[in-house]
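Participant: Next up is a structure, given as structure tokens.
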Number of protein chains: 2
Amino acid sequence: MSSTPLSRSEAKDLTRRRLIRAALAILDTEGETGLTTVKVAKAAGIAQSSFYVHFRDKQDLLRVLGDEGGDRLRRSMREARRRAREAPDVTEHQRDTFRIPLEAICRHPELLRILHRARHDPSSSMHEFAKEASLAYRDHHAADLAALGYTADNERDRRRLEMIAEGINAATNALALGHLEGRYPDLEEAVDVLVSLSKGALRMLKSSSAAAAAREAGPVAGPGR
Amino acid sequence: MSSTPLSRSEAKDLTRRRLIRAALAILDTEGETGLTTVKVAKAAGIAQSSFYVHFRDKQDLLRVLGDEGGDRLRRSMREARRRAREAPDVTEHQRDTFRIPLEAICRHPELLRILHRARHDPSSSMHEFAKEASLAYRDHHAADLAALGYTADNERDRRRLEMIAEGINAATNALALGHLEGRYPDLEEAVDVLVSLSKGALRMLKSSSAAAAAREAGPVAGPGR
DNA sequence: TTCCTCACCGATAGTACTATCGGTGAAATT
DNA sequence: AATTTCACCGATAGTACTATCGGTGAGGAA
């Protein structure tokens, strides 16, 4: 039945994967407090002491988890850009800009939850990493917004664009979690809300650097869906 | 110098206060993982075993902390409503609606951080409490927004109003923390951003229940500051 | 003054977790 | 076939924390 022609290194890598997967699950359900080598090893089906074959110590595991999360995040951001570019028109492109992150969160909510917690927990081993990731994502989104036609060409507007991006990110996360908790069953409604939030904010930018924005005509002032 | 005519119960209450204050500080700087009876007692200047004179166990302390936080939150919400009502005009009223929570967060950022962490940590003793507080705050803000003239009279609009309120809350928290971390030095700019976000969102509501909104004339369509 | 109360103390039993160590057998190498 | 490598194991030393217990002395009631 089960063909098991696994080389030694393949088997080791498999166990390592199992450990990482188990760690993520425990981190999600029980938090960093509940993450112990005992539980991780047991969930991965090996002895507690064998944990140290794969990781120098617990800290090392957290570091690896952070790296993996970072990779996944970066890949997800690139993917989102790529897909949004394929949208048939500006309105749909704009909706994609918000829909894609929402869907990404819903696909792997545990990553967001873990990162989110670490972001606000100075004692977390992943605290610094989570802060950087959060900033990177803000800048990514700021670039997206800028790509929608709202270039900020002075310091003040640039900072406002960053604030808008950070605010919209926070709202995106909140709505995605609300969706997962069953409060907002329809994800498209969340997209509606995010689009409308950003429209208001970008209108402010537009009016403050009216000349530049006017040249872009009406990509945002277009009709709602 | 120091008059010390403290009755026994007064002294006990003082120690209890010191314990709670110490616990909050530790929770903020080291997270729930770092909160131990040893540290709390030491920081409050008593023996570890004396901790149990004031609290049944560690869980009990967390519960009390949650209750205190809830009280403070409710008081803060009432206070915010009261102050916002005193605003000279509609525009300033609107700005107050966003400025007051921002200032409240900046005054006691540790409370938000603690609540925020617990909100996303299922293992936290304050998880359920934090969820309820977050919902209560969303509804409070939704009521504020409704008071600005955007009554939602059908199920769909009501849900959208809730989503907007939750999104704006999230953005408010994010911007307040960004301010505290030094990224956004000017709190008024944060108010600008929040006002503009909400303007966009409420415009959506307005257009979807145009008849009701039209009656309210233009409290939101007014000029920016 | 006498007696009681109780907030606080030090010591400690019990528990949970981390990390190390020597041993084992199967895979890989020779 | 002989030898080496190494992923995994059980046992355990060491550490940190929780919660209990009996004792003590100053506040407060009689």
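Participant: To the nearest 100 Å², how much accessible surface do chains B and A hide from each other in total, with a 1.4 Å probe?
Facilitator: 3800 Å²
Participant: OK, next. From the phi of every residue in segment A:201-206, what ³J(HN,Hα) in whole Hz does the Karplus formula 6.51 cos²θ - 1.76 cosθ + 1.60 yield, where θ is phi - 60° and glycine or proline is x?
Facilitator: 5, 6, 5, 4, 4, 4
Participant: A follow-up question, please. Could you report chain A's accessible area per residue, 1.4 Å probe, as an integer in Å²?
Facilitator: 49 Å²
Participant: Going by alpha carbons, how many degrees (0 to 90, nearest 10) lie between the helix axis of A:58-85 and the longest principal axis of chain A?
Facilitator: Between the helix axis and the principal axis of chain A, the angle is about 40 degrees.
Participant: Per-residue accessible area for A:K12 at 1.4 Å probe radius, Å² rounded to 10?
Facilitator: 100 Å²
Participant: Once both axes come from the Cα atoms, what is the angle between helix A:127-147 and the longest principal axis of chain A, in degrees from 0 to 90, rounded to 10?
Facilitator: For helix A:127-147, the angle is close to 30 degrees.
Participant: Do any residues of segment B:12-43 lose at least 30 Å² of accessible area when the full set of protein chains is present rather than just their chain alone, and if so which, with a 1.4 Å probe?
Facilitator: Hits at the 30 Å² cut-off: B:T33.
Participant: Keeping all protein chains in the complex and leaving out DNA, RNA and ligands, what accessible area do you get for A:Y52 with a 1.4 Å probe, in Å² to the nearest 10?
Facilitator: We get 110 Å² for A:Y52.
Participant: Assuming a ≥ b ≥ c are the square roots of the Cα gyration tensor eigenvalues, decide whether the protein assembly as shown counts as rounded (a/c under 1.5), prolate (otherwise, with a/b larger than b/c) or oblate.
Facilitator: It is oblate, given that a/c is not under 1.5 and a/b is not larger than b/c.
Participant: Output wanted: per-residue J couplings in Hz (rounded whole) for segment A:7-12, from phi through Karplus 6.51 cos²θ - 1.76 cosθ + 1.60, θ = phi - 60°, x for Gly and Pro.
Facilitator: After applying 6.51 cos²θ - 1.76 cosθ + 1.60, I find 6, 4, 5, 5, 4, 4 Hz.
Participant: Just the accessible area for B:T172, please: 1.4 Å probe, Å², rounded to the nearest 10?
Facilitator: The accessible area comes out at roughly 10 Å².
Participant: Quick one: Karplus J couplings for segment A:95-100, per residue in order, coefficients 6.51, -1.76, 1.60, θ = phi - 60°, nearest Hz, x for Gly and Pro?
Facilitator: Couplings: 5, 4, 3, 9, 5, 4 Hz.
Participant: Then there's this: Per DSSP H run of n ≥ 4, the term is -39500 (n - 2.57); total these for chain A, divide by its residue number, and report the mean residue ellipticity at 222 nm rounded to 500 deg cm²/dmol.
Facilitator: Mean residue ellipticity at 222 nm (helix-derived): -25500 deg cm²/dmol.
Participant: Per the 1.4 Å probe, what fraction of the accessible area of chain A, in percent, lies on carbon and sulfur atoms?
Facilitator: 52 percent
Participant: Here's a follow-up. Determine the alpha carbon to alpha carbon distance for each of B:K12/B:K42; A:K206/B:K206; B:K39/B:K131; A:K42/A:K131 and list only those over 23 Å.
Facilitator: Beyond 23 Å between Cα atoms: B:K39/B:K131; A:K42/A:K131.
The values are calculated or read from the model by the stated rules, or taken from the named source; none is laboratory data. Computed from a predicted model, the values in this text were never measured in an experiment. Only protein heavy atoms, including side chains, enter the accessible area calculation; ligands, DNA and RNA are left aside. Shrake-Rupley method; radii C 1.70, N 1.55, O 1.52, S 1.80 Å.
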